[in-house]
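The values are calculated or read from the model by the stated rules, or taken from the named source; none is laboratory data. Note that this is a predicted model, so its numbers are computed, not measured. Neighbour counts are summed over all protein chains in view; Cβ atoms, including those assigned to glycine, are modelled from backbone coordinates with ideal geometry. The area values use the complete protein model at the heavy-atom level, side chains included, leaving out ligands, DNA and RNA. Shrake-Rupley method; radii C 1.70, N 1.55, O 1.52, S 1.80 Å.
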Amino acid sequence: MNGDQTNTKRRKVLTAVTSAVGAVGAAGVAVPFVGSWRPSERAKVAGAPVSVDLGALEPGKMLTVEWRGKPIYIIRRTQAALDALKTVEPLLRDPESTESKQPSYVNARHRAQNKHFIILVGLCTHL
């Protein structure tokens, strides 16, 4: 055996072992680091967005989800409910929402972005 061959073989083994240990160490550091980017359970409760599939909600039905510890009621309006909105307009103080601060994408008549759905936040005085 030549001394150069032994050193070359040893160098290759040490390089492979060091690379493997380094890769495991890098993965061990990267997994918690990437996991820290996700919002915590506390942050989710504090107001993280809630995704809801509204495709299966039939007209006239209501779905309740929780957001920030409060119930959110999602109702799919029927055509009769949409027609009934016109009958209560004379009773409203500001039917066109000219005084309120509604976002530009909200339709004043339906008070919603999509007239078929109404989303309400359930608040109680004792909360």
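Any idea which of (1) without any contact (Cβ under 8 Å) to a residue 40 or more places away in the chain; (2) closer than 18 Å to Gly122 by Cα; (3) open to solvent by 70 Å² or more (accessible area, probe 1.4 Å) is the one Val65 doesn't satisfy? Answer for Val65: the failing condition is (3). Quick one: in segment 33-47, which of the residues that are open to solvent by 80 Å² or more (accessible area, probe 1.4 Å) and in a helix (DSSP H, G or I) is nearest to Pro71 (Cα to Cα)? Looking at the filtered set, the residue picked out is Val45.
Note on segment 112-127: residues that are within 21 Å of Leu85 (Cα to Cα), surrounded by fewer than 12 Cβ atoms within 10 Å (Cβ to Cβ) and of a type in the set (S, T, N, Q) amount to 1.
Filtering segment 97-111 to residues that are over 22 Å from the mean Cα position of the chain (by Cα), surrounded by 10 or more Cβ atoms within 10 Å (Cβ to Cβ) and over 16 Å from Ala80 (Cα atoms) leaves Ser97, Ser100, Gln102, Asn107, Ala108, Arg111. Please verify whether Thr87 is without any contact (Cβ under 8 Å) to a residue 40 or more places away in the chain and in a helix (DSSP H, G or I), treating the condition exactly as stated. Yes: the conditions hold for Thr87.
Of the residues making up segment 50-91, those that are among the small types (Gly, Ala, Ser) and within 24 Å of the chain's Cα centre (by Cα) number 4. Filtering Ala43, Ala56 for residues that are more than 29 Å from Ala80 (Cα to Cα) and among the hydrophobic types (A, V, I, L, M, F, W, C) leaves a single hit, Ala43.
Among residues of segment 68-84 being under 28 Å from Cys124 (Cβ atoms) and either charged (D, E, K, R) or part of a loop (DSSP other than H, G, I, E, B) (or both), the one that is least open to solvent (accessible area, probe 1.4 Å) is Arg77.
For Asp94, the criteria (1) open to solvent by 70 Å² or more (accessible area, probe 1.4 Å); (2) modelled with pLDDT under 85; (3) over 17 Å from the mean Cα position of the chain (by Cα) hold in every case but one, which is (1).
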